[in-house]
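Notes follow once the structure below has been shown.
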C-alpha cells in the first residue's frame with residue numbers, strides 16, 4: 001500500500017526530527033518521493049513556535065492500521081506522546097494524508113480517516129504533497145489539490161522551501 005505521510009515539528013531541532021523520521025520510514029518501505037521542507041505558522045492551539053512541514057510518498061507492505069501504529073511509535077521515539085490535546089507544540093507529528101498508488105483511497109475506521117479529514121484546509125500539508133505529485137485529486141472531494149491550495153485564504157502556501165528531507 002502506498003501512503004503519503006505528512007511530517008511536522010515545532011519543538012527542538014525540527015529539521016533533525018523530520019529527517020530522522022524519514023530515515024525510520026525507510027526501514028518499513030521504499031520512499032518514492034520527498035518534498036521540500038517548509039516553515040509555517042502554527043494553526044490552532046496555544047501560542048507556539050513555527051513548524052517545519054514536509055511530506056513523503058512511501059510504498060510499504062504494511063496495512064494502514066499497522067502503518068498508523070508504526071507512525072505513532074516513531075513519534076514516541078522522538079519524544080512525542082499523544083495525550084488527547086490537539087494542536088499542541090510537538091517534537092514530531094506524522095499523519096497519513098493519502099493512501100493508494102494514486103492517492104485515491106478513501107478509508108474510514110474508528111482509528112483512521114483517509115484522506116486526512118483536514119487536508120483540504122491546511123496549506124502546510126497541501127504544499128508539500130503537491131511537491132510529490134502536482135496532479136493529485138482529493139479522493140473524497142474530487143477536486144485537484146492544487147485548486148484546494150489556491151482557494152485557501154492564508155498565504156502560507158507561498159512560503160519558499162527552506163531545505164529538503
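None of the figures in this text is laboratory data; all of them are computed from the coordinates on show. Worth saying up front: this structure is predicted, and the values here are computed from it rather than measured.
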All-pairs Cα distance distribution in region 54-114, expressed in whole percent, bin size 5 Å: 4, 15, 25, 27, 17, 10, 1
Which label in [x] 11.1; [y] 12.0; [z] 8.7 gives the computed mean projected area of the Cα convex hull in nm²: [z]
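For the chain, what proportion of DSSP beta bridges, expressed in % and rounded to the nearest 5, is antiparallel? Spell out each step's value before the answer.
Numbers: 27 of 27 bridges.
Within the chain, antiparallel bridges account for around 100 percent of the total.
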Mean residue ellipticity (222 nm) of the chain, computed from DSSP H runs ≥ 4 via -39,500 (n - 2.57), nearest 500: -8000 deg cm²/dmol
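Provide the gained length on full extension for the span residue 23 to residue 43, in nm with one decimal, where the gain is 0.36 nm per separating residue minus the Cα-Cα distance.
Numbers: separation 20, 0.36 × 20 = 7.20 nm, distance 2.66 nm.
Working it through step by step, the gained length comes to 4.5 nm.
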